[in-house]
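Have a look at the structure below before the remarks.
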Amino acid sequence: MRSSTAPVVTYAIMGVTVLIFLLQLIPGLGVTNALLYAPVYTQSGSGFPFEPWRMLTYAFVHTPFTISNPFSILHIALNMYSLFIFGRVLEPIIGRWRFGVLYALSAIGGAVAVDYLSGPLTPVIGASGAIFGLMAATFMVARKMGGGGMQQLVVLVVLNLAIGFFVPGIAWQAHVGGLLFGALIGLIMMETRQRRQQTMQYLLLVGVALLIVVLTVVHA
């Protein structure tokens, strides 16, 4: 796999996310409602429009900042900090386009889990599902490359996953989905990282995308 030193995709995702967060602050624009995900948007007969792109766009919106709840800014702050930390490590190793694919499919995988494990009207926002995908992929990469610090990473993942189960208002379903798909994608990228295996890698990544489509259609 080719590597690059500057995590350009990481910075681009952070920039887009922050821009959308600023747009969320504009009254009447309706950015949050336009981009959030809820299972009704991918389920037939719900009476809601079919809008599958929300399975990705929800990862770019966060809890809007308000004067009455200033701590709401922690939602985007913590997610962007995590993206910055894991992106700087992971993107130079696996390459830019692979990192982008990993982030997108982890976010969508989180939405799939929300679709199966949440009520149809449960709204979800935030990059946490994608971040959990990055954590899982980092673990797979470190394990394959013999890197240290895996115990600390496992503890970090377990703690963050546990918080989602015990703290109200956190979409633990997206965390689980992002974690599973991130681990799968990380495994694929590590097991097919040789140049002669590139075609197989592309096919397997397409297979993951098709799996997401099938799971979504089956549950529609």
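The values are calculated or read from the model by the stated rules, or taken from the named source; none is laboratory data. On a predicted model such as this, the values are computed, not experimentally measured, just so you know. Cβ atoms come from the backbone with ideal geometry, glycine included; neighbour counts cover every protein chain shown. The protein model used for the area step is the full one, side chains on, heavy atoms only, and it has no ligands, DNA or RNA in it. Shrake-Rupley method; radii C 1.70, N 1.55, O 1.52, S 1.80 Å.
General remarks:
- Pairing each residue of segment 22-48 that is free of Cβ contacts under 8 Å to residues at least 24 places away in the same chain and surrounded by 11 or more Cβ atoms within 10 Å (Cβ to Cβ) with any residue that is outside any loop (DSSP other than H, G, I, E, B) and aliphatic (A, V, I, L, M), provided the two are 6+ apart or on different chains, yields C-beta distances under 7 Å for Leu23/Val31; Leu29/Leu23; Phe48/Val40.
- Any chance Val217 is at pLDDT below 90 and part of a helix (DSSP H, G or I): no
- Near pairs, Cβ below 7 angstrom, 6+ apart or cross-chain, from segment 79-94 (over 11 Å from Ile13 (Cβ atoms)) to any residue that is surrounded by fewer than 19 Cβ atoms within 10 Å (Cβ to Cβ): Pro92/Ser3; Pro92/Ser4; Pro92/Thr5; Ile93/Ser3; Ile94/Met1
- Subset of segment 34-57 (residues that are assigned to a loop (DSSP other than H, G, I, E, B) and of a type in the set (A, V, I, L, M, F, W, C)): Leu36, Ala38, Phe48, Phe50, Trp53
- Pairs linking a residue in segment 106-119 that is more than 26 Å from Gly87 (Cβ to Cβ) and of a type in the set (Gly, Ala, Ser) to a residue that is in a helix (DSSP H, G or I) and open to solvent by 10 Å² or more (accessible area, probe 1.4 Å), with Cβ atoms under 8 Å and 6 or more positions apart or on different chains, are Ser118/Gln173.
- Residue list for segment 58-87, restricted to those being surrounded by fewer than 18 Cβ atoms within 10 Å (Cβ to Cβ) and assigned to a helix (DSSP H, G or I): Pro70, Phe71, Ser72, Ile73, Leu74, Ala77, Leu78, Tyr81, Phe84, Ile85
- Sole residue being open to solvent by 40 Å² or more (accessible area, probe 1.4 Å), without any contact (Cβ under 8 Å) to a residue 60 or more places away in the chain, more than 14 Å from the chain's Cα centre (by Cα) and more than 20 Å from Gly177 (Cα to Cα), chosen from Val16, Val8: Val16
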